[in-house]
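Q: Shown below is the structure under consideration.
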Amino acid sequence: MKKIERMQTGLRLEKRMVKVLKGTAEYLDISMSELVECMALHAFDGKLVFGEETRGKIEALREVYGLELTSADAHGLEEEFQ
């Protein structure tokens, strides 16, 4: 196992996306931090992060929480302040 040093961040993420991420982390029995690290490392290597079964669970969570955003929306999001 490789030793690492983690640091606290102040990420702001879309509300429904956080719910889907939390549900996915819970399903995989890992922390949100581990999930985000895993997703980033796979993306850096150009690899898929999740298998077919997990993607099915994610799709179900997206429906439950109304997350309609896709990768096509990634560079065109504007925060709405209330």
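Q: Give the range 30-65 a look and list any residue that's of a type in the set (Gly, Ala, Ser), surrounded by 11 or more Cβ atoms within 10 Å (Cβ to Cβ) and either on the phi > 0 side of the Ramachandran plot or touching a Lys or Arg at 6+ places or on another chain (Cβ under 9 Å) (or both), or say none.
A: Once the filter is applied, which keeps residues that are of a type in the set (Gly, Ala, Ser), surrounded by 11 or more Cβ atoms within 10 Å (Cβ to Cβ) and either on the phi > 0 side of the Ramachandran plot or touching a Lys or Arg at 6+ places or on another chain (Cβ under 9 Å) (or both), the range 30-65 yields only SER33.
Q: Could you count how many residues in the range 5-29 are within 18 Å of GLY66 (Cβ to Cβ) and either more than 10 Å from the chain's Cα centre (by Cα) or open to solvent by 70 Å² or more (accessible area, probe 1.4 Å) (or both)?
A: So the count comes out to 6.
The values are calculated or read from the model by the stated rules, or taken from the named source; none is laboratory data. All of these numbers come straight from a predicted model, not from anything done at the bench. Neighbour counts run over all protein chains shown; Cβ positions are idealised from the backbone, glycine included. The protein model used for the area step is the full one, side chains on, heavy atoms only, and it has no ligands, DNA or RNA in it. Shrake-Rupley method; radii C 1.70, N 1.55, O 1.52, S 1.80 Å.
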